[in-house]
Amino acid sequence: MHAQFEPHDSQAEKTRLLTLFERQRAAYAEQPFPGEALRRDRMARLRKMLQQHTDNFCAAIAADFGHRSVHETRAMELMPTLSSLRHAEKHLRRWMKPQRRGVSIWFRPASNTVVPQPLGVVGIIVPWNYPLLLAARPLVSAFAAGNRAIIKMSEFTPRFGEALRQAFSEYFDETEVAVVNGGVEVAQAFSALPWDHLLFTGSTAVGRQVMRAAADNLTPVTLELGGKSPTLVHADFPIETAAQRILYGKCLNSGQTCVAPDYVLLPKGKEAEFEAAARASVQRCYPNIASNPDYTNVVNHRHLDRLRGYLKDAEEKGARVVPLADCDPASGKLAPTLVFGATDEMKVLQDEIFGPILPVLAYDTLDEAIGYVNARPRPLALYYFDYDNNRISQVLSRTISGGVGINETILHFGQDDLPVGGVGASGMGNCDGREGFETFSKLKPVFAQSRLNGMKLFYPPYGKRIETLLKLMLR
Ligand code: NAD
(Lines give C-alpha, C1' and ligand atoms only; values in the text may rest on other atoms or scores of the structure.)
Protein backbone atom coordinates (compact mmCIF):
# COMPACT_ATOMS: atom_id res chain seq x y z
CA MET A 1 0.00 0.00 0.00
CA HIS A 2 1.22 3.48 -0.76
CA ALA A 3 0.42 6.36 1.60
CA GLN A 4 0.27 10.04 0.66
CA PHE A 5 2.82 12.59 1.87
CA GLU A 6 2.30 16.32 2.04
CA PRO A 7 4.18 17.83 -0.92
CA HIS A 8 6.86 20.43 -0.26
CA ASP A 9 6.31 24.10 -0.94
CA SER A 10 8.50 24.35 -4.06
CA GLN A 11 8.86 28.12 -3.96
CA ALA A 12 10.06 28.10 -0.37
CA GLU A 13 12.46 25.23 -1.08
CA LYS A 14 13.90 27.03 -4.13
CA THR A 15 14.50 30.15 -2.04
CA ARG A 16 16.13 28.02 0.63
CA LEU A 17 18.31 26.37 -2.02
CA LEU A 18 19.61 29.72 -3.28
CA THR A 19 20.44 30.86 0.26
CA LEU A 20 22.22 27.59 1.00
CA PHE A 21 24.20 27.83 -2.21
CA GLU A 22 25.36 31.39 -1.44
CA ARG A 23 26.27 30.44 2.12
CA GLN A 24 28.30 27.45 0.94
CA ARG A 25 30.06 29.59 -1.68
CA ALA A 26 30.99 32.12 1.01
CA ALA A 27 32.22 29.36 3.35
CA TYR A 28 34.29 27.92 0.52
CA ALA A 29 35.86 31.33 -0.19
CA GLU A 30 36.91 31.51 3.48
CA GLN A 31 38.34 28.01 3.56
CA PRO A 32 39.10 26.79 0.04
CA PHE A 33 41.42 23.92 0.95
CA PRO A 34 40.27 21.91 3.99
CA GLY A 35 43.09 19.79 5.38
CA GLU A 36 43.14 16.06 6.04
CA ALA A 37 41.98 16.41 9.66
CA LEU A 38 38.79 18.27 8.75
CA ARG A 39 38.01 15.82 5.95
CA ARG A 40 38.44 12.91 8.35
CA ASP A 41 36.26 14.66 10.90
CA ARG A 42 33.48 15.11 8.33
CA MET A 43 33.69 11.48 7.34
CA ALA A 44 33.62 10.39 11.00
CA ARG A 45 30.51 12.50 11.59
CA LEU A 46 28.89 10.98 8.51
CA ARG A 47 29.52 7.48 9.89
CA LYS A 48 28.12 8.42 13.28
CA MET A 49 25.04 9.92 11.68
CA LEU A 50 24.40 6.83 9.55
CA GLN A 51 24.82 4.49 12.50
CA GLN A 52 22.66 6.56 14.84
CA HIS A 53 19.87 6.95 12.31
CA THR A 54 19.83 3.48 10.76
CA ASP A 55 16.40 2.49 12.13
CA ASN A 56 14.93 5.87 11.39
CA PHE A 57 16.22 5.80 7.79
CA CYS A 58 15.03 2.22 7.18
CA ALA A 59 11.56 3.14 8.45
CA ALA A 60 11.37 6.30 6.32
CA ILE A 61 12.41 4.48 3.14
CA ALA A 62 9.96 1.66 3.89
CA ALA A 63 7.17 4.24 4.31
CA ASP A 64 8.10 5.93 1.01
CA PHE A 65 7.98 2.62 -0.85
CA GLY A 66 4.85 1.38 0.91
CA HIS A 67 7.10 -1.51 1.84
CA ARG A 68 10.88 -1.87 1.50
CA SER A 69 12.79 -4.79 3.02
CA VAL A 70 14.71 -3.45 6.01
CA HIS A 71 17.41 -6.05 5.40
CA GLU A 72 17.89 -4.77 1.86
CA THR A 73 18.11 -1.15 3.04
CA ARG A 74 20.83 -2.20 5.46
CA ALA A 75 22.67 -4.54 3.07
CA MET A 76 22.29 -2.60 -0.18
CA GLU A 77 22.43 0.99 1.04
CA LEU A 78 24.11 1.29 4.44
CA MET A 79 26.70 -1.45 4.08
CA PRO A 80 28.26 -0.18 0.81
CA THR A 81 28.22 3.40 2.12
CA LEU A 82 30.00 2.50 5.36
CA SER A 83 32.40 0.29 3.45
CA SER A 84 33.13 3.11 1.03
CA LEU A 85 33.77 5.42 4.00
CA ARG A 86 36.26 2.97 5.50
CA HIS A 87 38.01 2.65 2.14
CA ALA A 88 38.24 6.43 1.70
CA GLU A 89 39.57 6.88 5.23
CA LYS A 90 42.21 4.24 4.65
CA HIS A 91 43.46 5.78 1.40
CA LEU A 92 42.80 9.47 2.00
CA ARG A 93 46.39 10.49 2.74
CA ARG A 94 47.67 8.83 -0.42
CA TRP A 95 44.87 10.26 -2.57
CA MET A 96 45.53 13.79 -1.26
CA LYS A 97 49.27 13.63 -1.76
CA PRO A 98 50.59 15.65 -4.72
CA GLN A 99 51.86 13.17 -7.33
CA ARG A 100 55.35 13.69 -8.71
CA ARG A 101 55.44 13.45 -12.52
CA GLY A 102 58.25 13.14 -15.06
CA VAL A 103 59.93 16.09 -16.82
CA SER A 104 61.21 15.74 -20.38
CA ILE A 105 64.90 16.38 -21.02
CA TRP A 106 64.30 19.85 -22.50
CA PHE A 107 62.78 21.21 -19.30
CA ARG A 108 65.05 19.67 -16.70
CA PRO A 109 65.86 20.34 -13.89
CA ALA A 110 62.34 21.75 -13.34
CA SER A 111 59.80 19.60 -11.47
CA ASN A 112 56.25 18.51 -12.25
CA THR A 113 53.51 17.61 -9.79
CA VAL A 114 49.78 17.02 -9.96
CA VAL A 115 48.02 18.55 -6.97
CA PRO A 116 44.47 17.34 -6.18
CA GLN A 117 42.50 20.40 -5.12
CA PRO A 118 38.92 20.64 -3.80
CA LEU A 119 36.57 21.98 -6.46
CA GLY A 120 34.40 23.92 -4.01
CA VAL A 121 30.62 23.52 -3.83
CA VAL A 122 29.16 20.46 -5.52
CA GLY A 123 25.56 19.44 -6.24
CA ILE A 124 24.31 15.86 -5.97
CA ILE A 125 20.93 14.90 -7.50
CA VAL A 126 19.51 11.63 -6.16
CA PRO A 127 16.92 9.19 -7.59
CA TRP A 128 14.36 7.36 -5.44
CA ASN A 129 15.47 3.74 -5.86
CA TYR A 130 18.40 3.67 -3.40
CA PRO A 131 18.02 7.13 -1.88
CA LEU A 132 20.40 6.62 1.03
CA LEU A 133 23.22 4.97 -0.93
CA LEU A 134 23.04 7.41 -3.82
CA ALA A 135 23.05 10.44 -1.54
CA ALA A 136 25.64 9.26 0.98
CA ARG A 137 28.18 7.38 -1.14
CA PRO A 138 28.91 10.29 -3.49
CA LEU A 139 29.13 12.47 -0.38
CA VAL A 140 31.96 10.27 0.90
CA SER A 141 33.92 11.15 -2.27
CA ALA A 142 32.93 14.82 -2.09
CA PHE A 143 34.08 15.07 1.54
CA ALA A 144 37.27 13.09 0.90
CA ALA A 145 38.11 15.55 -1.88
CA GLY A 146 37.46 18.49 0.50
CA ASN A 147 34.21 19.87 -0.95
CA ARG A 148 30.95 21.21 0.39
CA ALA A 149 27.76 19.70 -0.98
CA ILE A 150 24.05 20.23 -1.38
CA ILE A 151 21.97 17.13 -2.04
CA LYS A 152 18.67 17.15 -3.93
CA MET A 153 16.47 14.20 -2.96
CA SER A 154 13.75 12.67 -5.13
CA GLU A 155 10.13 13.75 -4.81
CA PHE A 156 9.26 10.01 -4.61
CA THR A 157 11.09 9.58 -1.28
CA PRO A 158 9.89 12.63 0.66
CA ARG A 159 9.87 11.00 4.11
CA PHE A 160 13.42 9.81 3.77
CA GLY A 161 14.42 13.18 2.28
CA GLU A 162 13.07 14.89 5.39
CA ALA A 163 14.71 12.33 7.73
CA LEU A 164 18.07 12.90 6.01
CA ARG A 165 17.73 16.68 6.20
CA GLN A 166 17.04 16.43 9.95
CA ALA A 167 19.89 13.99 10.53
CA PHE A 168 22.44 16.12 8.67
CA SER A 169 21.39 19.17 10.68
CA GLU A 170 22.32 17.29 13.89
CA TYR A 171 25.85 16.51 12.72
CA PHE A 172 26.82 19.18 10.20
CA ASP A 173 26.61 22.87 9.64
CA GLU A 174 24.53 23.62 6.54
CA THR A 175 27.62 25.15 4.95
CA GLU A 176 29.24 21.68 4.99
CA VAL A 177 26.35 19.63 3.64
CA ALA A 178 22.64 20.32 3.26
CA VAL A 179 19.61 18.56 1.81
CA VAL A 180 16.87 20.05 -0.33
CA ASN A 181 13.64 18.25 -1.10
CA GLY A 182 10.93 18.79 -3.66
CA GLY A 183 9.83 17.99 -7.18
CA VAL A 184 10.82 18.81 -10.72
CA GLU A 185 10.67 22.60 -10.20
CA VAL A 186 13.22 22.43 -7.39
CA ALA A 187 15.30 19.95 -9.42
CA GLN A 188 15.38 22.29 -12.40
CA ALA A 189 16.41 25.24 -10.24
CA PHE A 190 19.07 22.98 -8.72
CA SER A 191 20.60 21.92 -12.02
CA ALA A 192 20.66 25.55 -13.25
CA LEU A 193 23.01 26.69 -10.44
CA PRO A 194 26.70 27.30 -11.24
CA TRP A 195 28.05 24.34 -9.25
CA ASP A 196 31.72 23.53 -9.28
CA HIS A 197 30.60 20.01 -10.18
CA LEU A 198 27.19 18.42 -10.60
CA LEU A 199 26.63 14.72 -10.06
CA PHE A 200 23.32 13.45 -11.36
CA THR A 201 22.04 9.92 -10.78
CA GLY A 202 18.79 9.14 -12.55
CA SER A 203 17.22 8.37 -15.88
CA THR A 204 18.82 8.94 -19.27
CA ALA A 205 15.97 11.26 -20.33
CA VAL A 206 16.37 13.57 -17.33
CA GLY A 207 20.16 13.29 -17.60
CA ARG A 208 19.93 15.02 -20.99
CA GLN A 209 18.01 17.91 -19.42
CA VAL A 210 20.49 18.19 -16.57
CA MET A 211 23.43 18.33 -18.97
CA ARG A 212 21.66 20.99 -21.03
CA ALA A 213 21.07 23.13 -17.93
CA ALA A 214 24.64 22.64 -16.75
CA ALA A 215 26.01 23.69 -20.15
CA ASP A 216 24.82 27.27 -19.60
CA ASN A 217 27.28 27.58 -16.70
CA LEU A 218 29.88 25.22 -18.18
CA THR A 219 29.35 23.17 -15.04
CA PRO A 220 31.14 19.85 -15.34
CA VAL A 221 28.75 16.93 -14.91
CA THR A 222 28.97 13.31 -13.95
CA LEU A 223 25.91 11.46 -15.21
CA GLU A 224 25.06 8.13 -13.59
CA LEU A 225 22.18 6.99 -15.79
CA GLY A 226 20.23 3.83 -16.49
CA GLY A 227 19.34 1.67 -19.45
CA LYS A 228 18.84 -1.96 -20.32
CA SER A 229 21.57 -4.16 -18.85
CA PRO A 230 21.90 -7.43 -20.79
CA THR A 231 22.62 -10.79 -19.18
CA LEU A 232 24.22 -13.30 -21.45
CA VAL A 233 24.36 -16.99 -20.50
CA HIS A 234 26.65 -19.38 -22.39
CA ALA A 235 25.32 -22.83 -23.27
CA ASP A 236 28.06 -24.51 -21.19
CA PHE A 237 27.15 -22.69 -17.99
CA PRO A 238 24.85 -24.54 -15.52
CA ILE A 239 21.41 -23.02 -16.11
CA GLU A 240 20.21 -23.54 -12.56
CA THR A 241 23.13 -21.55 -11.10
CA ALA A 242 22.68 -18.81 -13.69
CA ALA A 243 18.94 -18.61 -13.00
CA GLN A 244 19.49 -18.34 -9.23
CA ARG A 245 22.03 -15.53 -9.56
CA ILE A 246 20.04 -13.65 -12.18
CA LEU A 247 16.79 -13.90 -10.21
CA TYR A 248 18.56 -12.80 -7.01
CA GLY A 249 19.82 -9.68 -8.81
CA LYS A 250 16.45 -9.09 -10.42
CA CYS A 251 14.37 -9.45 -7.25
CA LEU A 252 16.50 -7.20 -5.01
CA ASN A 253 14.44 -4.06 -4.45
CA SER A 254 11.90 -5.67 -6.82
CA GLY A 255 14.10 -4.99 -9.82
CA GLN A 256 14.22 -1.24 -9.12
CA THR A 257 17.99 -1.25 -9.37
CA CYS A 258 19.97 0.63 -12.02
CA VAL A 259 22.21 -2.40 -12.61
CA ALA A 260 19.46 -5.04 -12.38
CA PRO A 261 19.64 -7.58 -15.20
CA ASP A 262 17.14 -6.09 -17.66
CA TYR A 263 16.84 -9.05 -20.05
CA VAL A 264 18.46 -12.45 -20.54
CA LEU A 265 20.04 -13.80 -23.71
CA LEU A 266 19.74 -17.55 -23.34
CA PRO A 267 20.98 -20.35 -25.66
CA LYS A 268 18.06 -21.60 -27.77
CA GLY A 269 16.51 -24.74 -26.32
CA LYS A 270 17.28 -23.90 -22.66
CA GLU A 271 14.10 -21.90 -22.06
CA ALA A 272 12.14 -24.61 -20.19
CA GLU A 273 15.09 -25.41 -17.93
CA PHE A 274 15.58 -21.71 -17.17
CA GLU A 275 11.87 -21.22 -16.43
CA ALA A 276 11.79 -24.14 -13.98
CA ALA A 277 14.99 -23.03 -12.24
CA ALA A 278 13.78 -19.42 -12.03
CA ARG A 279 10.45 -20.53 -10.54
CA ALA A 280 12.18 -22.78 -7.98
CA SER A 281 14.58 -19.98 -7.05
CA VAL A 282 11.78 -17.45 -6.51
CA GLN A 283 9.73 -19.92 -4.50
CA ARG A 284 12.69 -20.73 -2.26
CA CYS A 285 13.53 -17.07 -1.59
CA TYR A 286 9.95 -15.78 -1.40
CA PRO A 287 7.47 -18.51 -0.40
CA ASN A 288 4.76 -15.85 -0.71
CA ILE A 289 4.98 -12.47 -2.36
CA ALA A 290 2.20 -10.19 -1.16
CA SER A 291 2.93 -10.20 2.58
CA ASN A 292 6.61 -11.12 2.37
CA PRO A 293 8.80 -8.69 4.36
CA ASP A 294 11.78 -9.55 2.13
CA TYR A 295 10.07 -8.57 -1.10
CA THR A 296 9.87 -4.84 -1.77
CA ASN A 297 6.96 -2.88 -3.20
CA VAL A 298 7.00 -1.16 -6.54
CA VAL A 299 7.59 2.42 -5.40
CA ASN A 300 4.21 3.89 -6.36
CA HIS A 301 1.05 3.36 -8.41
CA ARG A 302 2.45 5.16 -11.42
CA HIS A 303 5.32 2.71 -11.68
CA LEU A 304 3.07 -0.27 -10.88
CA ASP A 305 0.76 0.78 -13.73
CA ARG A 306 3.76 1.26 -16.03
CA LEU A 307 5.01 -2.28 -15.32
CA ARG A 308 1.57 -3.88 -15.67
CA GLY A 309 1.25 -1.96 -18.93
CA TYR A 310 4.46 -3.63 -20.21
CA LEU A 311 3.03 -7.08 -19.46
CA LYS A 312 -0.31 -6.29 -21.12
CA ASP A 313 1.44 -4.84 -24.17
CA ALA A 314 3.72 -7.91 -24.46
CA GLU A 315 0.84 -10.37 -24.07
CA GLU A 316 -1.32 -8.54 -26.63
CA LYS A 317 1.54 -8.63 -29.13
CA GLY A 318 2.03 -12.38 -28.71
CA ALA A 319 4.63 -12.91 -25.97
CA ARG A 320 4.24 -15.61 -23.33
CA VAL A 321 4.05 -13.94 -19.90
CA VAL A 322 4.94 -16.22 -16.97
CA PRO A 323 4.47 -14.94 -13.40
CA LEU A 324 6.76 -16.95 -11.10
CA ALA A 325 4.44 -16.63 -8.09
CA ASP A 326 0.94 -15.50 -7.14
CA CYS A 327 0.54 -11.94 -5.93
CA ASP A 328 -2.48 -9.99 -4.70
CA PRO A 329 -2.74 -7.02 -7.12
CA ALA A 330 -3.79 -4.75 -4.22
CA SER A 331 -0.53 -5.40 -2.34
CA GLY A 332 1.55 -2.76 -4.15
CA LYS A 333 3.87 -5.55 -5.33
CA LEU A 334 4.39 -7.29 -8.63
CA ALA A 335 5.49 -10.93 -8.75
CA PRO A 336 8.74 -11.72 -10.58
CA THR A 337 7.60 -12.40 -14.14
CA LEU A 338 9.37 -13.91 -17.15
CA VAL A 339 8.47 -12.86 -20.70
CA PHE A 340 9.28 -15.30 -23.52
CA GLY A 341 9.17 -14.43 -27.20
CA ALA A 342 9.37 -10.66 -26.76
CA THR A 343 10.03 -8.60 -29.91
CA ASP A 344 11.35 -5.11 -30.60
CA GLU A 345 7.77 -3.85 -31.05
CA MET A 346 7.06 -4.50 -27.38
CA LYS A 347 7.67 -1.87 -24.68
CA VAL A 348 9.38 -4.45 -22.54
CA LEU A 349 12.29 -4.48 -25.01
CA GLN A 350 12.25 -0.73 -25.59
CA ASP A 351 12.25 0.93 -22.15
CA GLU A 352 14.46 0.24 -19.15
CA ILE A 353 12.21 -2.14 -17.18
CA PHE A 354 13.12 -1.09 -13.62
CA GLY A 355 10.87 -3.69 -12.02
CA PRO A 356 10.65 -7.47 -11.52
CA ILE A 357 9.97 -8.34 -15.17
CA LEU A 358 12.58 -10.34 -17.07
CA PRO A 359 12.35 -10.91 -20.84
CA VAL A 360 14.18 -14.06 -21.92
CA LEU A 361 15.45 -14.01 -25.51
CA ALA A 362 16.83 -17.09 -27.23
CA TYR A 363 20.02 -16.94 -29.32
CA ASP A 364 21.80 -19.41 -31.60
CA THR A 365 25.44 -18.29 -31.51
CA LEU A 366 27.56 -16.15 -29.22
CA ASP A 367 28.25 -13.83 -32.18
CA GLU A 368 24.54 -13.28 -32.59
CA ALA A 369 24.10 -12.50 -28.88
CA ILE A 370 27.02 -10.03 -28.90
CA GLY A 371 25.59 -8.47 -32.06
CA TYR A 372 22.23 -7.99 -30.33
CA VAL A 373 23.89 -6.15 -27.43
CA ASN A 374 26.06 -4.01 -29.72
CA ALA A 375 23.11 -2.94 -31.87
CA ARG A 376 21.62 -1.17 -28.82
CA PRO A 377 22.67 1.79 -26.64
CA ARG A 378 25.69 1.14 -24.44
CA PRO A 379 24.37 -0.39 -21.21
CA LEU A 380 25.24 0.43 -17.60
CA ALA A 381 26.03 -3.19 -16.76
CA LEU A 382 26.62 -6.37 -18.71
CA TYR A 383 26.53 -9.82 -17.14
CA TYR A 384 28.15 -12.84 -18.68
CA PHE A 385 27.86 -16.40 -17.38
CA ASP A 386 30.62 -18.70 -18.58
CA TYR A 387 33.68 -20.49 -17.12
CA ASP A 388 35.72 -20.31 -20.33
CA ASN A 389 38.36 -17.58 -20.05
CA ASN A 390 38.86 -17.20 -23.80
CA ARG A 391 35.20 -16.56 -24.38
CA ILE A 392 35.07 -14.23 -21.35
CA SER A 393 37.90 -12.13 -22.89
CA GLN A 394 36.06 -12.13 -26.19
CA VAL A 395 32.87 -10.80 -24.61
CA LEU A 396 34.84 -8.21 -22.61
CA SER A 397 36.67 -6.90 -25.66
CA ARG A 398 33.75 -7.01 -28.09
CA THR A 399 31.17 -5.25 -25.89
CA ILE A 400 31.27 -1.95 -24.01
CA SER A 401 29.28 -1.17 -20.88
CA GLY A 402 29.52 0.88 -17.67
CA GLY A 403 30.64 -2.20 -15.73
CA VAL A 404 30.69 -5.98 -15.99
CA GLY A 405 29.78 -8.87 -13.73
CA ILE A 406 31.17 -12.28 -14.65
CA ASN A 407 29.08 -15.18 -13.31
CA GLU A 408 27.28 -12.83 -10.95
CA THR A 409 24.86 -9.91 -11.03
CA ILE A 410 24.87 -6.54 -9.20
CA LEU A 411 27.91 -7.14 -6.99
CA HIS A 412 30.41 -5.21 -9.14
CA PHE A 413 28.45 -2.10 -8.15
CA GLY A 414 29.34 -2.47 -4.47
CA GLN A 415 33.13 -2.83 -4.71
CA ASP A 416 35.05 -0.11 -2.86
CA ASP A 417 38.02 -0.23 -5.16
CA LEU A 418 36.13 -0.25 -8.48
CA PRO A 419 34.76 2.93 -10.03
CA VAL A 420 31.05 3.20 -10.82
CA GLY A 421 30.05 4.90 -14.05
CA GLY A 422 28.23 4.50 -17.33
CA VAL A 423 29.31 4.94 -20.93
CA GLY A 424 27.36 6.44 -23.84
CA ALA A 425 23.64 6.44 -23.05
CA SER A 426 24.26 4.98 -19.57
CA GLY A 427 26.29 7.97 -18.43
CA MET A 428 29.67 9.63 -18.19
CA GLY A 429 32.33 10.06 -15.54
CA ASN A 430 33.02 8.02 -12.45
CA CYS A 431 31.90 7.84 -8.84
CA ASP A 432 33.32 6.16 -5.77
CA GLY A 433 36.73 5.00 -4.68
CA ARG A 434 39.81 6.72 -6.02
CA GLU A 435 37.98 7.79 -9.20
CA GLY A 436 35.22 9.38 -7.10
CA PHE A 437 37.84 11.40 -5.22
CA GLU A 438 39.28 12.53 -8.56
CA THR A 439 35.84 13.41 -9.95
CA PHE A 440 35.40 15.91 -7.13
CA SER A 441 38.97 17.26 -7.34
CA LYS A 442 40.76 19.53 -9.76
CA LEU A 443 43.87 17.55 -10.64
CA LYS A 444 46.03 20.62 -10.97
CA PRO A 445 49.28 20.29 -12.91
CA VAL A 446 52.05 22.39 -11.39
CA PHE A 447 55.30 23.03 -13.27
CA ALA A 448 58.03 24.52 -11.04
CA GLN A 449 61.05 26.07 -12.72
CA SER A 450 64.44 25.56 -11.09
CA ARG A 451 66.70 28.42 -10.09
CA LEU A 452 69.23 27.46 -12.77
CA ASN A 453 67.79 26.47 -16.12
CA GLY A 454 68.42 26.66 -19.85
CA MET A 455 65.25 28.42 -20.97
CA LYS A 456 67.12 31.49 -22.22
CA LEU A 457 68.52 29.33 -25.00
CA PHE A 458 65.02 29.36 -26.47
CA TYR A 459 64.35 33.09 -26.24
CA PRO A 460 64.28 35.33 -29.35
CA PRO A 461 65.93 36.67 -31.35
CA TYR A 462 65.77 33.31 -33.14
CA GLY A 463 68.78 32.26 -35.16
CA LYS A 464 71.38 29.55 -35.41
CA ARG A 465 71.10 28.45 -31.76
CA ILE A 466 67.41 27.67 -31.93
CA GLU A 467 67.82 26.05 -35.34
CA THR A 468 70.33 23.60 -33.81
CA LEU A 469 68.13 22.93 -30.80
CA LEU A 470 65.03 22.39 -32.96
CA LYS A 471 66.94 19.96 -35.13
CA LEU A 472 67.56 17.87 -32.01
CA MET A 473 64.05 18.35 -30.63
CA LEU A 474 62.26 17.48 -33.86
CA ARG A 475 64.07 14.21 -34.45
P1 NAD B 1 14.67 10.52 -12.61
O2 NAD B 1 15.61 10.85 -13.70
O3 NAD B 1 13.21 10.61 -12.89
O4 NAD B 1 14.93 11.47 -11.34
C5 NAD B 1 16.19 11.57 -10.69
C6 NAD B 1 16.29 12.89 -9.96
O7 NAD B 1 16.23 13.94 -10.93
C8 NAD B 1 15.18 13.17 -8.95
O9 NAD B 1 15.75 13.77 -7.80
C10 NAD B 1 14.30 14.18 -9.69
O11 NAD B 1 13.65 15.07 -8.82
C12 NAD B 1 15.31 14.93 -10.52
N13 NAD B 1 14.75 15.58 -11.71
C14 NAD B 1 13.58 15.33 -12.32
N15 NAD B 1 13.42 16.15 -13.39
C16 NAD B 1 14.52 16.93 -13.44
C17 NAD B 1 14.95 17.98 -14.29
N18 NAD B 1 14.23 18.36 -15.33
N19 NAD B 1 16.14 18.54 -14.05
C20 NAD B 1 16.91 18.13 -13.02
N21 NAD B 1 16.56 17.15 -12.17
C22 NAD B 1 15.38 16.55 -12.38
O23 NAD B 1 15.08 9.07 -12.11
P24 NAD B 1 14.38 8.15 -11.03
O25 NAD B 1 13.08 7.66 -11.58
O26 NAD B 1 14.37 8.83 -9.70
O27 NAD B 1 15.43 6.96 -10.94
C28 NAD B 1 15.44 5.88 -11.81
C29 NAD B 1 16.50 6.00 -12.87
O30 NAD B 1 17.76 6.24 -12.29
C31 NAD B 1 16.66 4.73 -13.67
O32 NAD B 1 16.85 5.04 -15.02
C33 NAD B 1 17.93 4.11 -13.10
O34 NAD B 1 18.60 3.22 -13.96
C35 NAD B 1 18.73 5.32 -12.80
N36 NAD B 1 19.74 5.05 -11.79
C37 NAD B 1 21.05 5.04 -12.16
C38 NAD B 1 22.03 4.73 -11.21
C39 NAD B 1 23.49 4.69 -11.57
O40 NAD B 1 24.33 4.59 -10.69
N41 NAD B 1 23.85 4.79 -12.83
C42 NAD B 1 21.65 4.45 -9.90
C43 NAD B 1 20.30 4.47 -9.58
C44 NAD B 1 19.35 4.78 -10.53
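The values are calculated or read from the model by the stated rules, or taken from the named source; none is laboratory data. A quick note: this is a predicted structure, and the numbers were derived from the prediction, not measured. Cβ atoms come from the backbone with ideal geometry, glycine included; neighbour counts cover every protein chain shown. Please note that ligands, DNA and RNA were not included when accessible areas were found on the heavy atoms of the full protein model with its side chains. Shrake-Rupley method; radii C 1.70, N 1.55, O 1.52, S 1.80 Å.
Would you check which residues across the stretch 145-163 are within 16 Å of the ligand (Cβ to nearest atom), within 22 Å of Glu22 (Cα to Cα) and open to solvent by less than 10 Å² (accessible area, probe 1.4 Å) and list them?
Matches in the stretch 145-163: Ala149, Ile150, Ile151, Lys152, Met153, Gly161.
Would you point out which residue out of Asp294, Asp305, Asp262, Asp236 is within 16 Å of the ligand (Cβ to nearest atom) and more than 20 Å from the chain's Cα centre (by Cα)? Spell out how you get there, then give the answer.
Numbers: Asp294 fails: within 16 Å of the ligand (Cβ to nearest atom); Asp262 fails: more than 20 Å from the chain's Cα centre (by Cα); Asp236 fails: within 16 Å of the ligand (Cβ to nearest atom).
Unique residue meeting the criteria: Asp305.
Limited to the stretch 363-384, what total is found for residues that are more than 23 Å from the chain's Cα centre (by Cα) and surrounded by 16 or more Cβ atoms within 10 Å (Cβ to Cβ)?
Filtering the stretch 363-384 for residues more than 23 Å from the chain's Cα centre (by Cα) gives 363-372, 375.
Subsequent filtering for residues that are surrounded by 16 or more Cβ atoms within 10 Å (Cβ to Cβ) retains 363, 366, 369-370.
Matching residues across the stretch 363-384 total 4.
State whether one or more residues within the stretch 427-439 are touching a strand residue (DSSP E or B) at 6+ places or on another chain (Cβ under 8 Å), open to solvent by 30 Å² or more (accessible area, probe 1.4 Å), at positive phi and touching a residue at least 60 places away in the same chain (Cβ under 8 Å).
For the stretch 427-439, residues touching a strand residue (DSSP E or B) at 6+ places or on another chain (Cβ under 8 Å), open to solvent by 30 Å² or more (accessible area, probe 1.4 Å), at positive phi and touching a residue at least 60 places away in the same chain (Cβ under 8 Å): present.
Report, by residue number, each residue of the stretch 404-449 that is in the same structural domain as Pro379 (by TED's automatic domain parsing), farther than 19 Å from Leu225 by Cα and part of a helix (DSSP H, G or I).
Result: no residue meets the conditions.
Among the residues that make up the stretch 374-394, is at least one of them touching a Lys or Arg at 6+ places or on another chain (Cβ under 9 Å) and without any contact (Cβ under 8 Å) to a residue 60 or more places away in the chain? Talk me through it step by step, then tell me what you get.
Initially, the stretch 374-394 is screened for residues touching a Lys or Arg at 6+ places or on another chain (Cβ under 9 Å), giving 374, 376-377, 379-380, 383-385.
If we keep only those that are without any contact (Cβ under 8 Å) to a residue 60 or more places away in the chain too, we end up with 374.
Scanning the stretch 374-394 turns up at least one residue that is touching a Lys or Arg at 6+ places or on another chain (Cβ under 9 Å) and without any contact (Cβ under 8 Å) to a residue 60 or more places away in the chain.
Please go through the stretch 230-243 and give me each residue that is surrounded by fewer than 22 Cβ atoms within 10 Å (Cβ to Cβ) and either small (Gly, Ala, Ser) or closer than 23 Å to Thr73 by Cβ (or both), ordered by number.
Matches in the stretch 230-243: Ala235 only.
Could you tell me whether any residue of the stretch 121-137 is assigned by TED's automatic domain parsing to the domain that holds Leu82, among the small types (Gly, Ala, Ser), open to solvent by less than 30 Å² (accessible area, probe 1.4 Å) and out of contact with any strand residue (DSSP E or B) (no Cβ under 8 Å at 6 or more places or on another chain)?
yes
I'd like the full set of residues that are in contact with a strand residue (DSSP E or B) (Cβ under 8 Å, 6 or more places away or on another chain) and open to solvent by 30 Å² or more (accessible area, probe 1.4 Å), limited to the stretch 101-112. Quick ask: steps written out before the conclusion?
Step one: filter the stretch 101-112 for residues in contact with a strand residue (DSSP E or B) (Cβ under 8 Å, 6 or more places away or on another chain), giving 101-103, 107, 110-112.
Of everything in the stretch 101-112, those that are in contact with a strand residue (DSSP E or B) (Cβ under 8 Å, 6 or more places away or on another chain) and open to solvent by 30 Å² or more (accessible area, probe 1.4 Å) turn out to be Arg101, Gly102, Phe107, Ser111, Asn112.
Looking only at the stretch 164-209, which residues are within 10 Å of the ligand (Cβ to nearest atom), more than 26 Å from Ala29 (Cα to Cα) and in a helix (DSSP H, G or I)?
Once the filter is applied, which keeps residues that are within 10 Å of the ligand (Cβ to nearest atom), more than 26 Å from Ala29 (Cα to Cα) and in a helix (DSSP H, G or I), the stretch 164-209 yields Val184, Glu185, Thr204, Ala205, Val206, Gly207, Arg208, Gln209.
Spot the failing condition for Glu22; the list is (1) over 22 Å from Ala144 (Cβ atoms); (2) surrounded by 19 or more Cβ atoms within 10 Å (Cβ to Cβ), and only one is missed.
Unmet condition: (2).
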